[in-house]
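Everything on this sheet refers to the single structure shown next.
The values are calculated or read from the model by the stated rules, or taken from the named source; none is laboratory data. Fair warning: this is a prediction, and the values are worked out from it, not measured in the lab. Ideal geometry is used to build each Cβ from the backbone, glycine not excepted, and the neighbour counts take in all protein chains shown. The accessibility values were calculated without ligands, DNA or RNA, using every heavy atom of the protein model including side chains. Shrake-Rupley method; radii C 1.70, N 1.55, O 1.52, S 1.80 Å.
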Amino acid sequence: MHKKFPSDFLFGVATSSFQIEGAVHEHGRGESIWDRFCRQPGAISDASNGDIACDHVHRLEEDLDLIASLGVNCYRFSIAWPRVQALGHGAFNEQGLDFYQRLVDGLLKRQIKPVATLYHWDLPQALQDQGGWANRETVHRFVDYARHVHKHLGDRLHMISTHNEPWCAATLGHDVGIHAPGIKNRAIAAQVSHHLMLSHGLALQAMRADGATANLGIVLNMGPSVPASPMPDDIAAARRADALSRRWYSDPLLRGQYPQEIIEELGADAPKIEAGDMAILQTPMDHLGINYYTRHVAQASGQHWSARAHGLPVSEMEWEIYPEGLTDILCQMKADYPHLPPVFITENGGAFPDKAPAEGPVQDLDRLSYLQEHMAAVTVARERGVQVDGYMVWSLMDNFEWGFGYSKRFGIVHVDYDTLKRTPKASALWYRDFLQQWRKNGGQA
Ligand code: FCB
């Protein structure tokens, strides 16, 4: 398989700030909405929080060596806004920024390209107190924050994605209410989604005006939405699910309009869009990051379709393991959008019930084959003409999986949460060997 990836392909591992960093009260970091949300009784299934997480802030050098030991040529991480600007407005925090300076310099020293995300869901709580993303002011605060990060780190970042999975931030955070800030209001969620994307477009424009050299874009989560049966109602349900979860984001970014049928369905709950907004959303991007985990099977009844009940393979999240879906969604994106920018798979991976053996690495053969099959699915999409230029495994190491706390392990590196010791699993060793083969064949470190 390594022969099917070109020599300049980006191979990496991914993490996000809140999920690994810990050190939440240090170096002047402000409170984030996830710190607050974790304190709500029942919000996190194991009642945990991000106070220590993987203790990455204190183990930066060790983690940089770990990343380098895998032989990847890029590392995707996110910057915690409240670490860089405690309140989300006003003074910036030099000590916080210094942590990311050391991270970026440490990567470059090891010849690993830094791929940064500006917002992976950890909004400063002080901004939430002013209405958060529902408040249009937050858009401008984000642009200031983006410019500041770009000014100090931009020359050394290979890629900058504004947002990670705005669907999750808007819908899970503001409609379903199972992510921070835990709001359950469809109109607010719709407004939040518009503001997230508006802030993306304005941040891109601002960073370009400031002379950006990095590759700029956004990261969306998506997978094919397919009908549970050939019945017309189920087909319509799949089309609606696709419009809600994928096209609500990709259409405005790449076509300049929201799906009309969803605007109509939302009625009075549709977002308030000001003159000029849609042009901003369409600001050209250098990359589109796609996070893929599974497909979505839709039924008209609205009931949850269970892959397990259908005897299909699932991960520990109960997500169907469906590698063809990655090829399908990539081909679909190419078919839908003539101006699709180069695509990077910015997340892909699986949670599995790893059993730590008494000795040696965790034998996570389920995760190992998940990764193999999905990387193969990327090569098929490439053969079909989709420009996919990178693949990043979620995740470098086991970490805080949002509402599931530490109960779901996605890492290719095992973390012992008592000692915080990191041990590469069989999947990590396979990935390392695969990359070695690929480099022997001309792949660039
Ligand atoms: C994605 C998130 C990432 C991680 C994976 C499993 O939705 O971007 O932080 O939680 O799911």
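Annotations
- Dipole magnitude of region 72-220 about its Cα centre (Cβ charges: Lys, Arg +1; Asp, Glu -1), debye to nearest 20: 320
- Selection from Met317, Leu196, Gly132, by position along the positive dipole direction of the chain (Cβ): Leu196
- Convex hull of the chain built on C-alpha atoms - directionally averaged projected area, nm²: 20.3
- Each residue of region 3-14 was assigned a 3J(HN,Hα) from its phi angle through the Karplus expression (A = 6.51, B = -1.76, C = 1.60, θ = phi - 60°), giving 5, 8, 9, x, 5, 9, 5, 8, 10, x, 10, 10 Hz with x at Gly and Pro.
- Farthest toward the positive end of the dipole of the chain, out of Leu253, Ala376, Leu420, is the Cα of Ala376, where the dipole comes from beta carbon charges about the Cα centre.
- Magnitude of the charge dipole for region 24-157, about its Cα centre and with charges confined to Cβ atoms of Lys, Arg (+1) and Asp, Glu (-1), is about 480 debye.
- When a 1.4 Å probe is rolled over the protein heavy atoms, the share of accessible surface on region 29-97 that falls to carbon and sulfur comes to 52 percent.
- The GluC sites (Glu not before Pro) of region 242-311 that meet both conditions, a loop assignment by DSSP and at most 12 other Cβ atoms within 10 Å of the site Cβ, are Glu274.
- Given Lys184/Lys272; Lys355/Lys421; Lys113/Lys151; Lys355/Lys425; Lys4/Lys440; Lys4/Lys425, the pairs whose alpha carbons are separated by over 21 Å: Lys4/Lys425
- Based on alpha-carbon atoms, the Kirkwood radius and the radius of gyration of region 41-129 give Rg/Rh equal to 1.02.
- The portion of the accessible surface of region 323-379 made up by carbon and sulfur, rounded to a whole percent, is 55 (1.4 Å probe; DNA, RNA and ligands excluded).
- For region 26-57, trypsin sites (Lys or Arg not before Pro) meeting the loop criterion (DSSP other than H, G, I, E, B) and having at most 14 other Cβ atoms within 10 Å: Arg39.
- Dipole of the chain, positive direction: furthest Cα of Val343, Ala86, Asn399, with charges on the beta-carbon: Val343
- Scalar couplings 3J(HN,Hα) for region 214-225, obtained by applying the Karplus form with A = 6.51, B = -1.76, C = 1.60 to θ = phi - 60°, are 5, 7, 10, x, 9, 10, 10, 8, 7, x, x, 9 Hz; x denotes Gly and Pro.
- Over the chain, relative contact order from alpha-carbon pairs under 8 Å, at least 6 apart, %: 18
- For the chain, the solvent-accessible area of protein heavy atoms averages 39 Å² per residue (probe radius 1.4 Å; ligands and nucleic acids excluded).
- Selection of trypsin sites (Lys or Arg not before Pro), region 127-200, meeting DSSP coil and at most 15 other Cβ within 10 Å: Lys184
- For region 214-304, taking the reciprocal of the average inverse distance between every pair of different Cα atoms yields a Kirkwood hydrodynamic radius of 14.6 Å.
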